[in-house]
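Presented below is the structure to which this report refers.
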Amino acid sequence: MDPLHRPGGTRLTRRCVLTRVLPALAALPAGTTALGGCSLLGQDNARQPDPLPGLADAARDDAALAAAAIAADASLRSRLEPLRAARLAHAAALDQLLGRPVNTDTAAAPTTAAAAPTTTPAPGSRSSRGSGPGVREVHDAVAASASAAADAALTLPPDKVGLVASIAACCSAYAALL
Amino acid sequence: MSTAQPARTGVDEVTIAALQQALAAEHAAVWCYSLAVAFLGAEQRAAARTDTDAHRELRNQIANTLSSIGSQPVSAQPAYSPPEKVTDAASAARLLVVAETDALVAWRSVLERSSERALRKAALDALTSATVRCARWREVVGREPAVPQFPGAPEATP
C-alpha cells in the first residue's frame with residue numbers, strides 16, 4: 001500500500017495540499033475573492049472588525065423587511081414567515097454569541113401580521129397590496145446577508161464559524177428558493 | 001510525531017478527520033438515494049437523481065482530495081441501517097431528509113475544523129447546496145420550516 005496515514009506526512013507538503021485541495025473541492029469561479037494569488041497562508045487573520053454585530057443587525061433588518069412585506073400583502077405570509085422567523089432566530093443566536101442581551105421581544109415575536117414593525121423602511125409604507133416591500137426586496141436582502149455571512153465564515157475562529165456558516169447556508173437557501 | 005508544529009493552514013489531522021466524516025456522510029447519502037429512488041413518484045425521482053449526482057460528485061471530490069494529501073479515503077459500507085424501514089414514497093423522502101441532515105452536520109464540522117480558507121469555501125458551498133436539497137425533501141415530507149434555521153447544527157443548538 002501507499003505510505004498514507006502517516007500523521008506527519010501531510011504536514012511536509014502542506015503547500016502542495018493547498019494547491020490540490022482547491023481544484024479538487026473548491027470549484028470556484030475564476031476571479032473570486034478568496035483566491036487572489038497564493039495568499040492563503042496567514043494573511044487572512046489580520047485584525048479585522050468583528051463581523052458578528054453587523055450580521056446580527058442584518059438579520060433583524062431582514063426580519064423587519066419580511067414582516068413589512070407580509071403586512072403589505074398578507075398572501076406572502078406562507079412564503080416569508082419562515083424566513084422572518086429564521087432571521088430572528090439568527091439575530092438571537094448571534095447576540096448570544098456576542099454576549100449581548102438577547103431581545104426576547106423579537107425572538108418571541110408573534111407570527112401575525114400585527115407583528116410587523118410600525119417603522120418599516122418602505123417609502124410611503126402604504127399597506128395596500130403591492131405598495132410595500134415585496135418578495136424581490138426580501139430576496140435581495142437575504143441574498144446580500146448570505147454573501148456577508150459567507151465572507152465572514154471564511155475567516156472567523158472555529159468557535160464562531162459554525163453558526164455563521166449555518167446562517168449563510170440558510171440565507172442562501174432562501175435566496176435560491178424565494 | 002517528529003516536528004509537531006501546529007498546522008497553521010488547517011489541513012491537519014483534525015481537518016482530515018472531518019473530511020473523512022464528510023466522505024462517510026456522502027457515501028451514506030448516495031446509498032440512501034439509491035434505496036429511496038425506487039419508492040418515489042416520477043417527479044421526485046427526477047429530483048432524487050439530480051441530488052444523487054450531486055452527492056456522487058462531492059464524494060469523488062473529497063476522496064480525491066484526501067488521496068492527494070496522503071490520507072486513505074474511507075470506504076462506503078456495504079449497507080446502512082435507515083432509522084425507519086423504507087416502504088413507500090413518504091418513508092423514502094423521510095430517509096432523504098435524514099441523509100441530507102447528516103450531510104449538513106458533517107459539512108458544518110469541516111468548516112469548524114479547518115482554518116484553511118479555500119477548504120472552508122468548498123465546505124460552505126457543500127453546506128449550502130445540501131441545505132437546498134434538504135429543504136426540498138423537508139417540504140415533501142411536510143416538515144416546517146422547510147429550510148432549517150441552522151443547517152448542520154447539532155439538534156437544538158444554533
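The values are calculated or read from the model by the stated rules, or taken from the named source; none is laboratory data. Please read these numbers as outputs of a predicted model, since none were measured by experiment. Please note: Cβ atoms are built from the backbone with ideal geometry, for glycine as well, and neighbour counts cover all protein chains shown.
Scanning segment B:103-117 for residues that are assigned to a helix (DSSP H, G or I) and at pLDDT 95 or above gives B:Ala103, B:Leu104, B:Val105, B:Ala106, B:Trp107, B:Arg108, B:Ser109, B:Val110, B:Leu111, B:Glu112.
Does segment B:86-102 include one or more residues that are hydrophobic (A, V, I, L, M, F, W, C), within 9 Å of chain A (Cβ to nearest Cβ) and either assigned to a helix (DSSP H, G or I) or within 21 Å of B:Ala46 (Cα to Cα) (or both)? No: zero hits.
The sole residue among B:Val140, B:Val105, B:Val110 that is more than 9 Å from chain A (Cβ to nearest Cβ), over 22 Å from B:Ala24 (Cβ atoms), of a type in the set (A, V, I, L, M, F, W, C) and in contact (Cβ under 8 Å) with a residue 60 or more places away in the chain is B:Val140. Answer with yes or no whether B:Gly70 is facing another protein chain (nearest Cβ under 9 Å) and surrounded by fewer than 23 Cβ atoms within 10 Å (Cβ to Cβ). Answer is yes for this residue. For segment B:137-153, give me the residue count where each residue is surrounded by fewer than 23 Cβ atoms within 10 Å (Cβ to Cβ) and assigned to a helix (DSSP H, G or I). So the answer is 3. Taking (1) at the interface with chain A (Cβ under 8 Å from one of its Cβ atoms); (2) surrounded by 19 or more Cβ atoms within 10 Å (Cβ to Cβ); (3) assigned to a helix (DSSP H, G or I); (4) of a type outside the set (D, E, K, R) in turn, B:Ala36 satisfies each apart from (1).
Answer yes if at least one residue in segment B:120-131 is more than 7 Å from chain A (Cβ to nearest Cβ), closer than 24 Å to B:Gln61 by Cβ, assigned to a helix (DSSP H, G or I) and more than 12 Å from the chain's Cα centre (by Cα), and no otherwise. No, segment B:120-131 has no match at all. Of all the residues in segment B:45-67, those that are more than 12 Å from chain A (Cβ to nearest Cβ), of a type outside the set (A, V, I, L, M), surrounded by fewer than 20 Cβ atoms within 10 Å (Cβ to Cβ) and within 18 Å of B:Ser129 (Cβ to Cβ) number 5. Number of residues in segment B:31-60 that are within 17 Å of the chain's Cα centre (by Cα) and of a type outside the set (S, T, N, Q): the value is 16. I want to confirm something. Restricting to segment A:146-162 and keeping residues that are more than 7 Å from chain B (Cβ to nearest Cβ) and part of a helix (DSSP H, G or I), which single residue is surrounded by the most Cβ atoms within 10 Å (Cβ to Cβ)? Step by step, filter segment A:146-162, then rank; the result is A:Ala149.
Every condition in (1) more than 9 Å from every other protein chain (Cβ to nearest Cβ); (2) in a helix (DSSP H, G or I); (3) not hydrophobic (A, V, I, L, M, F, W, C) holds for A:Tyr174 except the one numbered (1).
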